[in-house]
Amino acid sequence: MIKIGDTVLESANKRPFTPAAEGMRNAVCVDAEYLGWFEETYDEKPKTMQKVKLVFETDDPMPEGSEDFEGNDISGRPKTIGKKYTLSQHPKATLSKHLESWRGRPWSIEELDPDIGWDMEEQVGSPCQLLVEHKKIVEQSTGAPKTIGIVERVMKPSDTKLKPSGHYVRVKDRDGYEVPSTKKPK
């Protein structure tokens, strides 16, 4: 519902967004996406960095009556949550910390070698545990307050090992997808 003064209007979005539940969640990685180069401020200086995104299906189901953008019923499907990372294997980098914790081991010499490296595709389909925290934000397009889920930690899976449900379509497999440039902008 939206109000303009005393006038009450029916909103096109009948169901509010509900993020993945807070706390420890059993999950499975369903996508590893390269996002490209972005300029950000780091230590008060502009810096150009590559970004990647991991997407997880959780053990938290969508509420009854949930619909996707096309109006299809998605009640009971696993909620998804994503995390964007700076592409870095530096020991202080969040991506590096999350991957080492998830895999249960530090990077090998071969994985750190730029000529050999490590393929993030290996994590797609892998179970894990996520520590999800909620954060209140203001939605940029509407100015409305919204609660979102944030992936704070990624760890080795518990005894419950989820498998992908098959409902999530990887970004690279969607119509019209184009791989962002891997060349650093000038």
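Taken together, the values in this text are just the output of simple stated rules run on the coordinates, not laboratory data. Being a predicted model, the structure only gives us computed values, none of them experimental. Positions of Cβ are backbone-derived with ideal geometry, glycine not excepted, and every protein chain shown enters the neighbour counts.
Among ILE116, ALA93, VAL179, flag the residue with its Cα farthest along the positive direction of the charge dipole of the chain, charges on Cβ as +1 for Lys/Arg and -1 for Asp/Glu.
ALA93
Would you mind checking which residues have amide H under 5 Å from VAL30's amide H? H placed 1.01 Å from N; only 5 or more apart, or other chain.
VAL55, PHE56, GLU57, GLY125
Which distance in nm do the two modelled labels at MET24 and GLU122 give, with both placed 7 Å along the Cα-to-Cβ direction?
2.5
Could you put PHE17, PHE56, PHE69, PHE38 in order, starting from the residue whose Cβ has the fewest other Cβ atoms within 10 Å?
Going from least to most buried by this count: PHE69, PHE17, PHE38, PHE56.
If I take R0 = 22 Å and measure r between the Cβ atoms of TRP37 and LYS172 in this structure, what FRET efficiency does the formula 1/(1 + (r/R0)^6) give, to the nearest 0.05? List each step's numbers first, then the result.
Working: r = 18 Å, r/R0 = 0.81.
Efficiency, rounded to the nearest 0.05: 0.80.
Any aspartates and glutamates with Cα under 17 Å of the LYS184 Cα? List them, leaving off those in the same chain fewer than 8 positions away.
Here the aspartates and glutamates satisfying the reach criterion relative to LYS184 are GLU39, GLU40.
So what J values fall out for segment 165-171 if you push phi through Karplus, 6.51 cos²θ - 1.76 cosθ + 1.60 with θ = phi - 60°, rounded to Hz, Gly and Pro as x?
6, x, 7, 7, 9, 4, 4
Starting from segment 110-183, pick out the GluC sites (Glu not before Pro) whose DSSP state is loop and whose Cβ has at most 14 other Cβ atoms within 10 Å. Before the final figure, lay out each step's value.
Details: sites: GLU110, GLU111, GLU121, GLU122, GLU133, GLU139, GLU152, GLU178; in loops: GLU139, GLU178.
In loop regions of segment 110-183 (DSSP not H, G, I, E or B), the sparsely surrounded GluC sites (Glu not before Pro) are GLU139, GLU178.
Give me a comma-separated list of calculated 3J(HN,Hα) values for segment 108-123, in order, Karplus coefficients 6.51, -1.76, 1.60 applied at θ = phi - 60°, integers in Hz, x for any Gly or Pro.
Karplus values, whole Hz, x for Gly and Pro: 7, 4, 5, 5, 7, 6, x, 7, 10, x, 9, 9, 5, 4, 4, 7.
For GLU70 and LYS161, FRET efficiency with R0 = 25 Å and r from the beta-carbon atoms, rounded to 0.05? Mind dumping the intermediate values first?
Working: r = 31 Å, r/R0 = 1.24.
Given R0 = 25 Å and the Cβ-Cβ separation, E is 0.20.
Long-range amide H contacts for LEU35: which residues qualify at under 5 Å (H placed 1.01 Å from N, peptide plane, sequence gap of 5 or more or a different chain)?
Result for LEU35 returns LYS51, VAL52, LYS53.
Can you give the angle from 0 to 90° between the axis of helix 94-103 and the longest principal axis of the chain, with both taken from C-alpha atoms, to the nearest 10?
Computed tilt is about 80 degrees.
Which pairs break 29 Å Cα to Cα here: LYS47/LYS161; LYS83/LYS146; LYS83/LYS161; LYS45/LYS172?
LYS47/LYS161; LYS45/LYS172
Be a star and scan segment 61-87 for residues whose amide nitrogen sits under 15 Å from the point 7 Å along the Cα-to-Cβ vector of THR147.
Correct set: 63.
Please state the charge dipole magnitude for the chain, taken about the Cα centre, from unit charges on C-beta atoms (+1 on K and R, -1 on D and E), reported in debye and rounded to the nearest 20.
Numbers: 29 positive and 32 negative charges, 97 e Å.
Result for the chain is approximately 460 debye, rounded to the nearest 20.
Using a Förster distance of 30 angstrom, determine the FRET efficiency expected from the C-beta separation of LEU112 and GLU133, and round it to 0.05.
Values: r = 30 Å, r/R0 = 1.00.
In this case the efficiency is close to 0.50.
Which of the trypsin sites (Lys or Arg not before Pro) across segment 37-128 are loop residues per DSSP, with 14 or fewer other Cβ within 10 Å?
Qualifying residues, ordered by number: LYS92.
Go through (1) 44, 41, 32; (2) 86, 43, 25; (3) 64, 45, 33 and flag the label whose value is the computed Cα extents along the principal axes in Å for this structure.
Here Cα extents along the principal axes in Å agrees with entry (3).
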